[in-house]
Amino acid sequence: MPNTAHTLSSFDYISQQVYEVERNKLFHGGWFMAGRADRLARGNRMVVDIAGESVLLARDLDDTVHAHANVCRHRGARLCDAHSESTQGSLMCPYHAWTYALDGRLLATPHLDDDDLDKSALSLWKHHVQVWQGFIFVSLAKQPPAFDQWMSTNATELLQLERYQFGKLKVAVRTSCEVAANWKIVVENYQECLHCTRVHPELVEVVPLFRSGWVLDHSRDDGGANLANGGNSFSFSGTSDLPLLPGVSGIDTTSYYGGTVFPNMFIDVTGTSAIVTTLFPKGPHHTTMTMEYMFAPEVIDLPGFNPSQIVDFSELIAAQDNVVCERVHLGVSSKAFEHGVLSPKDDEVIQFTKRYLAARGPVER
Ligand code: FES
Ligand SMILES: [Fe+2]
């Protein structure tokens, strides 16, 4: 008998009840990779939407990164808009001009005296934040899971790539796109390559393994795949003139590694670049995806630095993937759809499905 497993059901993909459970347990209850810390210079802030919760990230003048609820303690106005900007060391609410320090302390309340209220009790509501190798992880849980333990369970593949010293890299290019598909469809698509020959003719030229439909090279035990012709980059030619990432040597020079952090991040690494993809779910039917292209800062500063061969290649692959993810979303939304099937070459999807169901738990219809 063929060895097949089931995909998730239509209910799992598109129901609002399931999405609410995912918000509470996965996106707000664990640690959520919210972006790269190097986007946040000292004194700057940025706003991220973590599954419907607006979170304000700010880097203090002493370099500490803070995460606050993006909500004014006065009458609850949204404090900052969704873009990164210099703060000059404070955050002012546009409604009645209450002003906060980057660490959340309430500093000024125009037209009110110190006797009118106790400022020390009105700091911004705080979220937990951890910066690991330049990745900002936020938890909206009151008592988040222990970070190291959470990483060892949910970020195994990223931990295996720690030798790439991601903390030393900077984002040179950041792009964002909208996908009319459930976030899990995007994850599942990332984790199989039965579609690669048909959907990604350019990609299979660069990573020949993907022609076979496997995403992992079983002749290697390190999770890597060889780049065609001893190439060093995820780009149209497979080879880049850019210097290698810090610390890259040996087989890593000519390998591609793809990894996921459950639930919302992927990383694609070759000798010359590391590309971080972050999924921001916007309800059961929509996902915003950002891609951050990372290089060593001294490479970015080289005269004539031009990563367009790498960026354009990944943007093409992502656009090709988004088209098929949107088709899947339409299909699984049909009343006819019960489950899809998964074969042994979908093993990574099978593992994701199991992990997801275990983390989410049952949901009443
Ligand atoms: S609501 Fe922010 S100052 Fe009034
Ligand atoms: Fe793909």
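So which of Asp103, Asp62 ends up being exposed (fewer than 14 other Cβ atoms within 10 Å of the Cβ), acidic (Asp, Glu) and over 30 Å from Tyr19 (Cβ atoms)? Break it down stepwise before answering.
Numbers: Asp103 fails: exposed (fewer than 14 other Cβ atoms within 10 Å of the Cβ).
Result: Asp62 is the single residue among Asp103, Asp62 that is exposed (fewer than 14 other Cβ atoms within 10 Å of the Cβ), acidic (Asp, Glu) and over 30 Å from Tyr19 (Cβ atoms).
Write out, first by first residue and then by second, each pair whose Cβ atoms fall under 9 Å of each other, whose residues are 6+ apart or on separate chains, and whose first residue, in the stretch 284-305, is farther than 22 Å from Gly134 by Cα while the second is acidic (Asp, Glu) and part of a strand (DSSP E or B).
His286/Glu178; Thr287/Glu178
In the list Glu298, Glu292, which residue meets the criterion of being among the acidic types (Asp, Glu), part of a helix (DSSP H, G or I) and farther than 21 Å from Trp214 by Cβ?
It is Glu298.
I need the helices (runs of 4 or more DSSP H) fully contained in the stretch 141-235, keeping only those with at least 2 residues that are surrounded by 15 or more Cβ atoms within 10 Å (Cβ to Cβ) and away from ligand 2 (no atom under 16 Å from the Cβ). So that I can check it myself, show each step before the final result.
Details: elements: 147-154, 156-160, 183-190, 196-199, 201-206.
Those helices (runs of 4 or more DSSP H) span 147-154, 156-160.
Do the conditions hold for Pro303, that is, is it away from ligand 1 (no atom under 16 Å from the Cβ), in a loop (DSSP other than H, G, I, E, B) and within 21 Å of the chain's Cα centre (by Cα)?
Details: away from ligand 1 (no atom under 16 Å from the Cβ): yes; in a loop (DSSP other than H, G, I, E, B): yes; within 21 Å of the chain's Cα centre (by Cα): no.
Taking the combined requirement at face value, the residue does not satisfy it.
Could you check, for the stretch 41-50, whether at least one of its residues is among the polar types (S, T, N, Q), at pLDDT 95 or above and either out of contact with any Leu (no Cβ under 8 Å at 6 or more places or on another chain) or part of a loop (DSSP other than H, G, I, E, B) (or both)? First the steps, then the outcome.
Of the residues in the stretch 41-50, the ones among the polar types (S, T, N, Q) are 44.
Retained after the next criterion (residues that are at pLDDT 95 or above): none.
Within the stretch 41-50, not a single residue is among the polar types (S, T, N, Q), at pLDDT 95 or above and either out of contact with any Leu (no Cβ under 8 Å at 6 or more places or on another chain) or part of a loop (DSSP other than H, G, I, E, B) (or both).
Quick one: is Ala146 within 23 Å of Gly29 (Cβ to Cβ), in contact (Cβ under 8 Å) with a residue 24 or more places away in the chain and not β-branched (Val, Ile, Thr)?
On the way: within 23 Å of Gly29 (Cβ to Cβ): yes; in contact (Cβ under 8 Å) with a residue 24 or more places away in the chain: no; not β-branched (Val, Ile, Thr): yes.
So Ala146 does not fit the description; no.
Gln130 fails exactly one of the following numbered conditions: (1) in the same structural domain as Ala319 (by TED's automatic domain parsing); (2) surrounded by fewer than 19 Cβ atoms within 10 Å (Cβ to Cβ); (3) on the phi < 0 side of the Ramachandran plot. What is the number of that condition?
Exception for Gln130: condition (1).
Filter the stretch 306-350 down to the residues that are surrounded by fewer than 14 Cβ atoms within 10 Å (Cβ to Cβ) and within 30 Å of Gly231 (Cβ to Cβ) and list them by number.
Asn306, Ser308, Asp312, Ala319, Val323, Pro344, listed by residue number.
Among the residues in the stretch 32-49, are any in contact with a Cys (Cβ under 8 Å, 6 or more places away or on another chain) and either in the same structural domain as Ser139 (by TED's automatic domain parsing) or more than 16 Å from ligand 2 (Cβ to nearest atom) (or both)? It would help to see each step written out before you state the result.
Start the filter on the stretch 32-49 by keeping residues that are in contact with a Cys (Cβ under 8 Å, 6 or more places away or on another chain), which leaves 45, 47.
Filter again for either in the same structural domain as Ser139 (by TED's automatic domain parsing) or more than 16 Å from ligand 2 (Cβ to nearest atom) (or both), leaving 45, 47.
Yes, the stretch 32-49 has at least one match.
Can you spot a residue in the stretch 250-268 that is of a type outside the set (A, V, I, L, M), free of Cβ contacts under 8 Å to residues at least 24 places away in the same chain and either away from ligand 2 (no atom under 13 Å from the Cβ) or crowded, with 22+ Cβ neighbours inside 10 Å (or both)?
Let us first name the residues in the stretch 250-268 that are of a type outside the set (A, V, I, L, M), namely 250, 252-260, 262-264, 266, 268.
When the remaining residues are screened for being free of Cβ contacts under 8 Å to residues at least 24 places away in the same chain, the result is 250, 253.
Subsequent filtering for residues that are either away from ligand 2 (no atom under 13 Å from the Cβ) or crowded, with 22+ Cβ neighbours inside 10 Å (or both) retains 250, 253.
Looking for residues that are of a type outside the set (A, V, I, L, M), free of Cβ contacts under 8 Å to residues at least 24 places away in the same chain and either away from ligand 2 (no atom under 13 Å from the Cβ) or crowded, with 22+ Cβ neighbours inside 10 Å (or both), one finds at least one in the stretch 250-268, hence yes.
So, in the stretch 60-91, of the ones that are assigned to a strand (DSSP E or B) and modelled with pLDDT under 95, which residue ends up farthest from ligand 1 (Cβ to nearest atom)?
Within the stretch 60-91, the first condition is being assigned to a strand (DSSP E or B), and the residues that meet it are 65-69, 71, 78, 85-86, 90-91.
Next cut, modelled with pLDDT under 95 only: 85-86, 90-91.
On the way: Glu85: 18, Ser86: 20, Ser90: 13, Leu91: 10 Å.
Out of the qualifying residues, it is Ser86.
The values are calculated or read from the model by the stated rules, or taken from the named source; none is laboratory data. Just so you know, these numbers come straight off a predicted model, no measurement behind them. A quick note on method: Cβ atoms are made from the backbone with ideal geometry, for glycine too, and the neighbour counts reach across all protein chains shown.
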